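Visitor: I'd like to ask some things about the structure below.
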Amino acid sequence: MQRKRTRICVIGGAGFIGTRVTRQLVVAGRDVIVLGRRAMPIGVLPPEVTYVSGDYGDRAVLKDVLRGADELIDLAYATVPQTSFADPVFDILANLPPSVQLLQEAAVAGLRKIVLVSSGGTVYGIAKSLPIREEHPTCPISPYGITKLTIERYAGMFGQVSDLPVVIVRPGNAYGEGQRAFAGQGFVATAMHSIIRGETIRIFGAQGTIRDYVHVSDIASGILAVLEIGEPGNAYNIGTGVGKSNLDVLREVEPLATRAGHLIRTESLPARRFDVPANVLDIRKISGVSGWRPQVGFASGIERAWRAALESYER
């Protein structure tokens, strides 16, 4: 008798990270259904994937996509760190109610594993030591981080009272081919597109912020590792364990830009109080349980992202 294929629902599976996750799920032999807000997905999905257009805040839509599903990955989020400061109330209302409702419906659906993608870059706040382990105190200093952490807490509550098998993923700063620039997050993409357009890149503080930049394909494979091996009730960082400042990023891009005939123009501005100065993630926990480690080196990832950015202006 043929074994039933695992059916997984990916909310936000047509986005920058989601499309990579979705492709890897198909390769792994799962039946994939993607829920997205747009009528048609922006990203290119494998032909085997079922795409459903709908609002994950709509309970009827949730019931429909979760019917018959075995697993769930939640990548959906309506805001970014920068916009969350402009309207903290919107950040709460756009993200918290639909996320809590999703957890309620997931509990009813009887799923065997749920992966909730949180944020390793914001939930910890100002680091007491680097790299940051999962046990580090969580004291976010942005509305985005506070809401992300609150959703984590709700997931923990449902795990406690309803045996909901939720695993938390805390990824570092994603970058890579196809990342949208000027969207309030994603320094690498915004810097590259600014260089190509001849625009000035603003650096806040002497070297800018230090972040754990992780290629998007590595974040996707890390999410799959957590899906396969992660223990419910646990959180797992996905990073590289290496921090790069904004100036480090530009130094890596500079020879590529020079060869293409572009100059890098920067403007130095005072550090901003709401920026976490440094965020670098300890990845020993996920590596220890699954063997996962990032495969794309920073230099290689930057070159791939730069090439894709250039090509986007040549089409």
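Computed from the coordinates by the stated procedures, all read-outs in this text should not be read as laboratory data. All of these numbers come straight from a predicted model, not from anything done at the bench. Note that each Cβ is placed from the backbone with ideal geometry, even for glycine, and that neighbours are counted across all protein chains shown.
Visitor: Over the stretch 166-251, how many percent of alpha carbon pairs lie in each 10 Å bin up to the one with the longest distance?
Guide: Reading the bins upward from 0: 17, 42, 27, 12, 2.
Visitor: Could you identify which residue out of 296, 115, 167 has the top mean-square fluctuation in a GNM of the chain using Cα springs shorter than 10 Å?
Guide: 296
Visitor: Highest mean first, how do 12-20, 139-147 rank when packing is the count of other Cβ atoms within 10 Å averaged over residues?
Guide: 12-20, 139-147
Visitor: While we're on this one: What nm distance separates the two modelled labels at residue 4 and residue 50, each placed 7 Å from Cα along Cα→Cβ?
Guide: Reported label-point gap for residue 4 and residue 50 is 1.4 nm.
Visitor: Given the peptides 246-252, 275-281, 212-218, arrange them by the average over their residues of other C-beta atoms within 10 Å, most packed first.
Guide: 212-218, 275-281, 246-252
Visitor: Given axes a ≥ b ≥ c from the Cα gyration tensor, I'd like to know whether the stretch 231-315 is rounded (a/c under 1.5), prolate (a/b larger than b/c) or oblate.
Guide: Oblate shape, in that a/c is at least 1.5 and b/c is the bigger or equal ratio.
Visitor: OK, next. Quick check on the chain: what does the Kirkwood estimate of hydrodynamic radius come out to from the alpha carbon pairs, in Å?
Guide: For the chain, inverting the mean 1/r across all distinct Cα pairs yields 20.1 Å.
Visitor: Place +1 on the Cβ of every Lys and Arg and -1 on the Cβ of every Asp and Glu in the chain, take the dipole about the Cα centre, and give the residue among 288, 168, 77 whose Cα lies farthest towards its positive end.
Guide: 288
Visitor: Here's another thing I want to ask about it. So, R0 is 51 Å and r is the distance between the beta-carbons of residue 231 and residue 263; what FRET efficiency does that work out to, to 0.05?
Guide: The formula returns an efficiency of 0.55 here.
Visitor: Once phi is turned into θ = phi - 60°, what whole-Hz ³J(HN,Hα) does the Karplus curve with 6.51, -1.76 and 1.60 give for every residue of the stretch 272-278, x standing for Gly and Pro?
Guide: Residue by residue, the stretch 272-278 yields 9, 5, 8, 8, 5, x, 8 Hz.
Visitor: May I ask for the angle, rounded to the nearest 10°, between helix 246-259 and the longest principal axis of the chain, with both axes built from Cα atoms and the value confined to 0 to 90°?
Guide: So the helix axis and the longest Cα principal axis differ by about 70 degrees.
Visitor: Now for a separate question. Under the rule of -39500 (n - 2.57) per DSSP H run of 4 or more residues, summed and divided by the residues of the chain, what mean residue ellipticity at 222 nm is obtained, to the nearest 500 deg cm²/dmol?
Guide: -13000 deg cm²/dmol
Visitor: Debye sum, Cα scatterers, the stretch 25-111, no solvent: what log₁₀ I/I(0) at q = 0.26 1/Å?
Guide: Here the Debye-derived log intensity ratios amount to -1.34.
Visitor: Of the residues 105, 134, 48, which exhibits the maximal mean-square fluctuation in a Gaussian network model of the chain defined by a 10 Å Cα contact cut-off?
Guide: In this elastic network of the chain, the residue with the biggest mean-square fluctuation among 105, 134, 48 is 48.
Visitor: Starting with the fewest neighbours, write out 4, 285 ranked by other beta-carbon atoms found within 10 Å of each beta-carbon. Don't jump to the answer; show the numbers that get you there.
Guide: Numbers: 4 8, 285 17.
Arranged by neighbour count, lowest to highest, 4, 285 become 4, 285.
Visitor: Say the cut-off is 23 Å between C-alpha atoms; which of 4/148; 128/285; 63/285; 128/244 go over it?
Guide: Numbers: 4/148 34 Å; 128/285 19 Å; 63/285 34 Å; 128/244 18 Å.
Over 23 Å apart, Cα to Cα: 4/148; 63/285.
Visitor: What residue among 25, 263, 96 has the largest mean-square fluctuation in a Gaussian network model of the chain, using Cα springs under 10 Å?
Guide: Highest fluctuation of the listed residues: 263.
Visitor: Grab the beta carbon distance between residue 308 and residue 108, set R0 = 51 Å, and tell me the FRET efficiency rounded to 0.05.
Guide: 0.80
Visitor: On to the next question. Fewest to most neighbouring Cβ within 10 Å: what's the order for 306, 292? Provide the component values of the computation, followed by the final result.
Guide: Values: 306 24, 292 21.
If I rank by nearby Cβ atoms, fewest first, I get 292, 306.
Visitor: Subtracting the Cα-Cα distance from 0.36 nm times the residue separation, let me have the gained length for residue 278 to residue 40 in nm, one decimal.
Guide: Answer, rounded to one decimal: 81.9 nm.
Visitor: Follow-up question, since we're still on this one. Amide H to amide H, which residues 5 or more places from residue 210 or on other chains are under 5 Å from it, using H placed in the peptide plane?
Guide: 278, 279
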